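As structure tokens, the structure follows; a few thoughts come after it.
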Amino acid sequence: MTGTVTLGYLPLTDALPLFAAQRLQLFADYGLRVQLKAMPSWARLRDALLIGEVDAAHCLAGIPLAAQAGLYGPGADLACALTLNHFGNAITLYRPLAERLSGGAGMLASLRRKALAERDGPRPLTFASVFPVSKHEFELRHWLRNLDVDPDHDVKLLVIPPPLVARALQERQIDGFCVGEPWNSLAVHQGIGQVVASSRTLGLPGTEKVLATRSGWLEHPDHLALIRALCEACQWLDQQDHRLTALDWLAETLDLEPEHLRPGLLGSPAGLLETEGGSLMTFSGINCPDDWHARWLLGQMEHNLSMPAFSDPEAICRRAFRADIHDLAMRTATT
Amino acid sequence: MKTHAGTDILLIGSDETLVLALQDGGFRVTWVDEHEDLYAAVARLQPQAVLVQADSPTRDTLEHLASLSRRYPQPTLLLHDGQDAELTRRALKLGISAYVADGMSAGAVRALVEVSISHREQLESLRRELTRSQRSLAERKLIDAAKCVLMERQGVCEADAFRHLKSLAMNARISLSDAARNLLAQEGT
């Protein structure tokens, strides 16, 4: 095999398995030449997959599910056979707001009081996530419900692309957001954000990004080779000292300071370190698409995004999350 | 030209020449900056269509608006098939993405995408033309400089210097400007 493959990604910490596989020559080991292509938005990345501008992409797990549920029209046949990571998102509040609220558990109670007090005013409390079908949206809603705040009636929810969230926070268009790293740590570093929760502590299914592709390409030898190469990269990233090496690659690729990427990769987003041990995201041991997570995500879309009920959710999940292709890739000989 | 006088277009990002082209096409155009509150802008203007650079990160906000209500403009790539799909693909490749609300007629949608495409293509061809002119100007300067060197060094007239340069290029099977560049490089050392 000597395929040339184009992979799309969004410049985020959890795209690291793609960069690591490239640096470790794992793609080459599987006979692949890979070109990595940064994308500016999830909408653009989805379109690039649909029109064949990229062969596969680091993608929100909700996108192939939404495609199979028919949200993107009849021709949108996307699926995934590899989970790239579990967890990695966090919820950040505007720092002066977090500081005005009383500390600890009391802080969350006073946030609820504030939400209810301002609910019917000209500017209700406002939060942002990153895409209509992203897990970030559902994590944010879950966190709000835990505070006894109704996400549909007590607050306003927006979608703001991560590169613009810090500015939106500063200009008070929003009071907080749920995004992936490095954007939480960057807001903390800029002195405008305080991290108050992470996806690991919310207790929800972890599947975050997947390797999405068109269904017609699932069984292509290059796709099977990609899965194996990326699985190896994910395994390699399991060790702390390897992550330390990879930190520099990530910093170089995303053009950011390693210190701003370190919390998301090696610890927890700055500010959460006191309350939470272990690292924020998991790359290895989770790579086979998990049908239960697909069902949960699809259910969240149905309940939270005012959609008509899907007629056959099991079939949608089966078409979108292809554990069978994952197994096929792992069985395929390396040469 | 057919007018689409009742059709309000919201353009994200400042592209004055595109605004003019759309106005010429009969559309009513309002434009806002990428950093503005798009929720407020769409609620205020209730546009039938939104045009945005395909590479703008704000597209994810437009996707959210589209998911909130069918009243808001929907992404075109996902709506149309056949010939129109081909048109929106071409637009996307040229870096334009259109979101269109249910009420807009197919003819107006096509006109909108066509105006944007031809505007972008004109821009591309102008850019290519400019690059070409700049390159040929630079080459012209190189050749003139090389001729001066030859005239000075060999005490010949301009026509002879040019003939000499031409034979250098032909013998080496390189372009006239490359021959001039080589000659000037030698002169420099």
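Nothing in this text is a laboratory measurement; each read-out follows from the coordinates by a stated rule. Only a predicted model underlies this, so the values are computations on that prediction, with no experimental measurement involved. No Cβ is skipped: glycine too gets one built from the backbone with ideal geometry, and neighbour counts run over all protein chains shown.
Using +1 at the Cβ of each Lys and Arg and -1 at the Cβ of each Asp and Glu in segment A:1-111, identify which of A:Leu16, A:Gly52, A:Leu111 lies farthest towards the dipole's positive end. Towards the positive end, the residue furthest out is A:Leu111.
Placing dummy labels 7 Å off each Cα toward the beta-carbon, the span from A:Gln239 to A:Asp324 is 3.8 nm. A cut-off of 5 Å between modelled amide H atoms, ignoring neighbours fewer than 5 places along the same chain, links A:Val196 with A:Ile91, A:Thr92, A:Leu93. Taking packing as the residue-averaged number of other Cβ atoms within 10 angstrom, the listed peptides B:114-126, A:34-46 run from highest to lowest as A:34-46, B:114-126. Simple spin-label estimate for B:Ala40 and B:Val156 gives 7.2 nm between the two label positions (7 Å along the Cα-to-Cβ direction from each Cα). The spread of Cα positions in segment A:172-266, taken along each principal axis and listed from longest to shortest, comes to 48, 29, 26 Å.
Shielding value for B:50-59 is 5, the average number of Cβ atoms from other chains within 10 Å of each residue's Cβ.
Most tightly packed first, judged by the mean number of other beta-carbon atoms within 10 Å of their residues, the peptides B:99-106, B:172-179, A:203-210 read A:203-210, B:99-106, B:172-179. Straight-distance candidates among the aspartates and glutamates for linking to B:Lys141, with alpha-carbon spacing under 15 Å and chain neighbours fewer than 8 residues away dropped: B:Glu158, B:Asp178.
Compute the whole-percent fraction of alpha carbon pairs in chain A spaced more than 36 Å apart. Every Cα pair in chain A considered, those over 36 Å come to 18 percent. When only the Cβ of Lys, Arg, Asp and Glu is charged (+1, +1, -1, -1), the dipole of chain A relative to its Cα centre reaches about 500 debye. Helices in chain A, meaning DSSP H runs of at least 4 residues, each add -39500 (n - 2.57). Divided by all residues, the mean residue ellipticity at 222 nm is -13000 deg cm²/dmol.
Only Lys, Arg, Asp and Glu count, each charged at its Cβ (+1, +1, -1, -1), so figure out the dipole size of chain B about its Cα centre, rounded to 20 debye. Value, rounded to 20: 680 debye.
Here the Kirkwood formula, the inverse mean of 1/r across different C-alpha pairs, assigns chain B a hydrodynamic radius of 20.0 Å. Counted over all Cα-Cα pairs of segment B:10-97, pairs farther apart than 22 Å make up 24 percent. The local environment of A:Cys178, defined by Cβ-Cβ distances under 11 Å, has a net charge of 0 under the rule Lys, Arg +1 and Asp, Glu -1. Near A:Pro205: Cβ cut-off under 10 Å, other residues only, Lys/Arg at +1 and Asp/Glu at -1. The net charge is 0. The equivalent ellipsoid of segment A:19-147 has semi-axes of 38, 19, 12 Å, largest first, where each one is the square root of 5 times an eigenvalue of the Cα gyration tensor. In order along segment B:170-187, phi translates into HN-Hα couplings of 5, 4, 8, 6, 10, 6, 4, 5, 5, 4, 4, 4, 4, 4, 5, 5, 4, 4 Hz, rounded to whole numbers, per the Karplus curve 6.51 cos²θ - 1.76 cosθ + 1.60 with θ = phi - 60° and x for Gly and Pro. Counting Cβ atoms of other protein chains within 10 Å of each residue's Cβ and taking the mean over peptide A:43-51 gives 6. So for chain A: antiparallel DSSP bridges make up what percent, rounded to the nearest 5? Restricted to chain A, the bridges split so that about 55 percent are antiparallel.
FRET efficiency for the pair A:Asp150 and B:Ser69, taken as 1/(1 + (r/R0)^6) with r the Cβ-Cβ distance and R0 = 22 Å, rounds to 0.70. Take the Cβ atoms of B:Arg163 and B:Arg128, set R0 to 41 Å, and the FRET efficiency comes out at 0.80. Suppose R0 equals 45 Å. What FRET efficiency, 1/(1 + (r/R0)^6) with r the Cβ-Cβ distance, do A:Asp248 and B:Met170 give to the nearest 0.05? Efficiency, rounded to the nearest 0.05: 0.30. Looking at chain B, the DSSP beta bridges with both ends there are about 45 percent antiparallel. For segment A:304-321, backbone phi angles converted through the Karplus equation (6.51, -1.76, 1.60; θ = phi - 60°) give residue-by-residue couplings of 9, 10, 6, 10, x, 4, 6, 6, 9, x, 4, 5, 4, 5, 5, 6, 8, 10 Hz, Gly and Pro being listed as x.
Across segment B:127-136, rounded Karplus estimates of 3J(HN,Hα) from the backbone phi angles (6.51 cos²θ - 1.76 cosθ + 1.60, θ = phi - 60°) give 5, 5, 4, 5, 4, 4, 4, 4, 5, 5 Hz, Gly and Pro being marked x.
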